[in-house]
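Derivation of every value follows stated rules applied to the coordinates shown; laboratory data play no part. Quick caveat, the model's predicted, so the values are computed rather than measured. Note that each Cβ is placed from the backbone with ideal geometry, even for glycine, and that neighbours are counted across all protein chains shown.
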Amino acid sequence: MDDTDADSSVSRRGFLRTAAGTAAVAGASGTAAAQEDSGGSGGGSAKTVKVGPGGSLSFEPAELTIAPGTPVKFSWESDGHNVHPDDGDWGHQPIEDKGFSFTTPPFQETGEHSYVCDPHASAGMEGTIIVQEGGGSSGSSEPAIPGFAKQLGVAASTFLLSTLGLAYFFMRYGGDFEGSAE
């Protein structure tokens, strides 16, 4: 870059073209980051089931649908519960109190996996994990967006608004300050 490039003025059109290009690149980066962790064929991060939320004798959600290869995290929110599966040994038999959690191995086979809390089975404290291709039809059908992609989207939006605000300022009030006192 020579001295003539540094001293030349920037037209409004050139500035806006550059700002629009920067915004397009930032938007494309955010979209790519959001799609990067959307999963695909299966599994992924553990889904959470609350055990005894708010002191209730229930699991929340009582029915959870997941994709094959997904583990389930059980998180105790009140005292005196366990997770006893009807079939298999993926549960947690000892009675535990608030603050305890455990994560199952990933469920690989499709089908329904029912479980109960032994001390509260007569009160109807039971749940079901449904493992099916395509996963979670319970809850949102939209893919989960990871936290870092949301942060990147917020940062890109902030940068875009700041750039547009600066462009408005220069277009409204000008940017030629060569005539100022020395």
Per-pair calculated FRET efficiency, R0 = 25 Å: Tyr173 and Lys150 via Cβ, rounded to 0.05: 0.10
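Compute the signed sum of charges (Lys and Arg +1, Asp and Glu -1) over the other residues within less than 12 Å, Cβ to Cβ, of Gly54.
Result for the local shell: 0.
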Residue-wise HN-Hα coupling along the range 116-123, computed from phi with Karplus coefficients 6.51, -1.76, 1.60 (Hz; x: Gly, Pro): 9, 9, 3, x, 10, 4, 5, 8
Whole-Hz ³J(HN,Hα) from phi, Karplus 6.51 cos²θ - 1.76 cosθ + 1.60, for the range 153-165, glycine and proline x: x, 5, 5, 5, 5, 4, 4, 4, 5, 5, 5, 5, x
Neighbour cut-off at most 15 other Cβ (10 Å), DSSP loop, GluC sites (Glu not before Pro), the range 88-120: Glu109
Amide H contacts under 5 Å for Ser58, placed H, 5+ residues apart: Gly52
Long-range amide H partners of Thr70 with built H, under 5 Å: Gly43, Phe107
Whole-Hz couplings from phi, Karplus 6.51/-1.76/1.60, listed for the range 98-114; x for Gly and Pro: 3, x, 7, 8, 8, 10, 6, x, x, 7, 9, 8, 6, x, 9, 10, 8
Other-chain or far-sequence residues with amide H under 5 Å of Gly80's (modelled H): Glu96, Asp97, Lys98
